[in-house]
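To keep things clear, I will list the structure first and then write my remarks on it.
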Amino acid sequence: MAPWDRHSFFRVTGEEADRVLAGVWEAPAARGVPEELLRVLDTYVRLLLASGHSLHRSDLMQMLSRMPQQVVLPWEADEAFVTP
C-alpha cells in the first residue's frame, strides 16, 4: 500500500485532524503560497481524512477549479510576467 493511502484504513476527524495537520501548511505559507489556496487544500485533505478516500488528481483539480480566481504560485509569478 502506498504511504499516502494509509489514512484510508481509519477515519481522522475533529481534534485528531487538527493534531495530524498541525504545522503542515507552515512550509508552503513560508514559500508564499496564497492563503486562499492553503485553505482549499486544508479542506480537501480534511475531507480525505474524514472519509477515508484516497487522493485522486481529478478530484483535487475539480476542487481547485472551484476557487473564485486563478491562483498564481510564487515560483510561477515571475514566469507569468516575462515578456518574450
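Here, each number is a calculation from the coordinates, and none is a lab measurement. Just so it is clear, the model here is predicted, and its values are computed rather than measured. Glycine also receives a Cβ, built like all others from the backbone with ideal geometry; neighbour counts cover every protein chain displayed.
For every helix of n ≥ 4 consecutive DSSP H residues, a contribution of -39,500 (n - 2.57) applies; sum these over the chain, divide by its total residues, and give [θ] at 222 nm rounded to the nearest 500 deg cm²/dmol. The helix contribution divided over the chain gives -15000 deg cm²/dmol. Placing R0 at 22 angstrom, the Cβ-Cβ distance between Met61 and Glu15 gives a FRET efficiency of 0.15 after rounding to 0.05. Highest mean first, the peptides 67-73, 33-39 sorted by other C-beta atoms within 10 Å per residue fall in the order 33-39, 67-73. For the chain, the longest principal axis of the alpha carbon atoms and the long axis of helix 35-51 meet at an angle near 20°.
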